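Here is the structure we will look at, set down as structure tokens.
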Amino acid sequence: QNYYRAPERIEDDVLEVIRQGEVPVDDVAVFVQREDAEKPNVLMMTSCDVRLTTGEKIGMGYLGKDVSALYKGIKKATYFYGGLSFVALLAAIMLGHVVSGRVVDNMQKAYYKQRQFAADASHELRTPLSVIMASADLLGNDPSIESPFLKQVIEDLKDEVKKMSNLVGSLLQIARSDNNAEPMHVHEFDLTVAMEQLVRKMQPLAEKKRITLDINTDGQVMYSGDEQKIQQLMLILVDNAIKYTPEDGRVVLSYDGKKGSSVYFSVQDNGIGIAKEDLVKLFDRFFRVDKARSRSMGGNGLGLAIAKTIVEAHHGRIDVESELGKGTTFKVMVKNM
Ligand code: ADP
């Protein structure tokens with residue numbers, strides 16, 4: 001092999017690359033020789049066949065160029081731009097964090113204000129409503145009003161005011177529990193006694209529809225929680241069970257046992273049931289499967305939303321199982337507080 005001598009500095013490396021036979025034919029490749037050395041030689045090399053004019057191949061021609069400086073420059077530039085993009089990325093993340101933090105902060109403030117408004121509005125509405133109720137009572141008892149039409153108007157007015165007071169009361173309770181402003185009065189009580197009291201209270205309502213209202217419990221069950229709220233929770237569930245069960249049906253309030261600090265109870269009915277697609281929305285505020293039916297029964301779609309807040313205040317959970325036309329079971333777990 002004949003060759004013009006390459007500059008001495010890269011001569012050995014050029015020969016080494018040629019010896020390894022890695023130089024592409026009619027193409028260019030870059031070889032980094034002595035990579036661990038402080039100053040590596042970087043060679044750009046190509047090769048081609050050397051032929052006579054007749055086409056006969058008589059050897060190979062190699063061309064190598066020292067591109068160490070260029071390579072070093074590109075490497076430095078790569079590090080520089082890499083570093084720069086990293087810094088830019090970091091700055092973008094920080095900026096995004098600050099901006100989104102401000103947005104979330106503003107949203108939180110707006111959300112808090114809106115909840116506070118709901119609580120204040122419900123609270124402020126209670127006084128005028130009770131004044132209207134008292135005035136309607138007065139009018140209803142006034143012997144000078146004899147017209148049956150006017151008497152009916154007063155009765156209707158009282159009915160509507162009662163519904164509105166219930167709605168405002170429910171809204172206030174929900175808004176307060178949203179703001180964590182609903183006080184808890186925790187003490188130990190017998191769950192069985194609470195269940196019996198509730199069933200006694202609801203019995204006349206059940207009898208009106210000839211519904212059998214049964215209780216299923218296991219002697220004394222001591223539980224520590226807010227008794228009034230637990231009673232309200234049971235009342236919501238039993239009231240719904242009676243409302244959405246046709247005449248001659250059956251509703252059972254059962255104590256289902258204890259596990260550690262958790263206490264289980266359920267309300268089962270054999271009423272109209274709830275379609276599968278409605279089950280997920282059941283605990284949403286103002287959700288009613290059949291608005292007209294619920295309204296005619298005095299419902300406002302807030303009962304189950306309140307039930308959920310009570311269960312959550314007792315670190316528990318509420319689940320529902322239902323089949324259309326067969327009946328519904330609400331299962332509750334509450335923790336000893
Ligand atoms: P409402 O005041 O309308 O009863 P709730 O929040 O208590 O509001 O209940 C929401 C809806 O869930 C009701 O309108 C009703 O359609 C449905 N529902 C609740 N309980 C039962 C039940 N035991 N059986 C069938 N449907 C029920």
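The values are calculated or read from the model by the stated rules, or taken from the named source; none is laboratory data. Since we're looking at a predicted model, the values are computed, not measured. Methodologically, a virtual Cβ is constructed for each residue, glycine included, from the backbone with ideal geometry; neighbour enumeration extends over all protein chains shown. Quick note on the areas: whole protein, heavy atoms, side chains included, nothing else; ligands and nucleic acids left out. Shrake-Rupley method; radii C 1.70, N 1.55, O 1.52, S 1.80 Å.
For residues that are exposed (fewer than 14 other Cβ atoms within 10 Å of the Cβ), more than 8 Å from the ligand (Cβ to nearest atom), part of a helix (DSSP H, G or I) and not hydroxyl-bearing (Ser, Thr, Tyr), tally how many sit in the range 292-320.
2
If I go through the range 225-250 residue by residue, how many of them are touching a residue at least 40 places away in the same chain (Cβ under 8 Å) and surrounded by fewer than 16 Cβ atoms within 10 Å (Cβ to Cβ)?
Residues meeting the conditions: 1.
Please go through the range 321-332 and pick out each residue that is open to solvent by less than 30 Å² (accessible area, probe 1.4 Å) and at negative phi.
Result: THR328, THR329, PHE330, VAL332.
I'd like the full set of residues that are assigned to a loop (DSSP other than H, G, I, E, B), crowded, with 16+ Cβ neighbours inside 10 Å and among the β-branched types (Val, Ile, Thr), limited to the range 32-69.
VAL67
Would you mind stating whether ARG200 is surrounded by fewer than 17 Cβ atoms within 10 Å (Cβ to Cβ), away from the ligand (no atom under 15 Å from the Cβ) and closer than 17 Å to ILE272 by Cβ?
Criteria not met by ARG200.
Taking the range 6-31 as the region of interest, how many residues are in a strand (DSSP E or B) and either modelled with pLDDT under 85 or under 22 Å from ILE74 (Cα atoms) (or both)?
Counting residues in the range 6-31 that are in a strand (DSSP E or B) and either modelled with pLDDT under 85 or under 22 Å from ILE74 (Cα atoms) (or both) gives 4.
In the range 270-286, which residue that is without any contact (Cβ under 8 Å) to a residue 24 or more places away in the chain and within 11 Å of the ligand (Cβ to nearest atom) is nearest to GLY325 (Cα to Cα)?
It comes out as ASP278.
Return the pair list, or none, for Cβ contacts closer than 8 Å from residues in the range 115-136 that are open to solvent by 60 Å² or more (accessible area, probe 1.4 Å) to residues that are among the basic types (Lys, Arg) and in a helix (DSSP H, G or I), at least 6 apart or on different chains.
As it stands, the answer is none, since no pair meets every condition given.
Do we have any residue at all in the range 154-164 that's open to solvent by 30 Å² or more (accessible area, probe 1.4 Å), of a type in the set (A, V, I, L, M) and over 23 Å from VAL311 (Cα atoms)?
Looking through the range 154-164, at least one residue is open to solvent by 30 Å² or more (accessible area, probe 1.4 Å), of a type in the set (A, V, I, L, M) and over 23 Å from VAL311 (Cα atoms).
Which of the following residues is among the β-branched types (Val, Ile, Thr), closer than 26 Å to GLU247 by Cα and either open to solvent by 30 Å² or more (accessible area, probe 1.4 Å) or within 7 Å of the ligand (Cβ to nearest atom) (or both): VAL289, VAL267?
VAL289
Kindly indicate whether LEU253 is within 16 Å of the ligand (Cβ to nearest atom) and open to solvent by less than 20 Å² (accessible area, probe 1.4 Å).
yes
On the basis of being over 30 Å from GLU182 (Cα atoms), open to solvent by less than 90 Å² (accessible area, probe 1.4 Å) and aliphatic (A, V, I, L, M), does ALA77 make the cut?
Considered against the rule, which asks whether it is over 30 Å from GLU182 (Cα atoms), open to solvent by less than 90 Å² (accessible area, probe 1.4 Å) and aliphatic (A, V, I, L, M), ALA77 comes out as yes.
Looking only at residues in the range 140-179 that are among the small types (Gly, Ala, Ser) and without any contact (Cβ under 8 Å) to a residue 60 or more places away in the chain, which one is nearest to ALA118 (Cα to Cα)?
Top of the filtered list is GLY169.
How about the range 145-160: which of its residues are hydrophobic (A, V, I, L, M, F, W, C) and assigned to a helix (DSSP H, G or I)?
Residues satisfying the conditions are PHE149, LEU150, VAL153, ILE154, LEU157.
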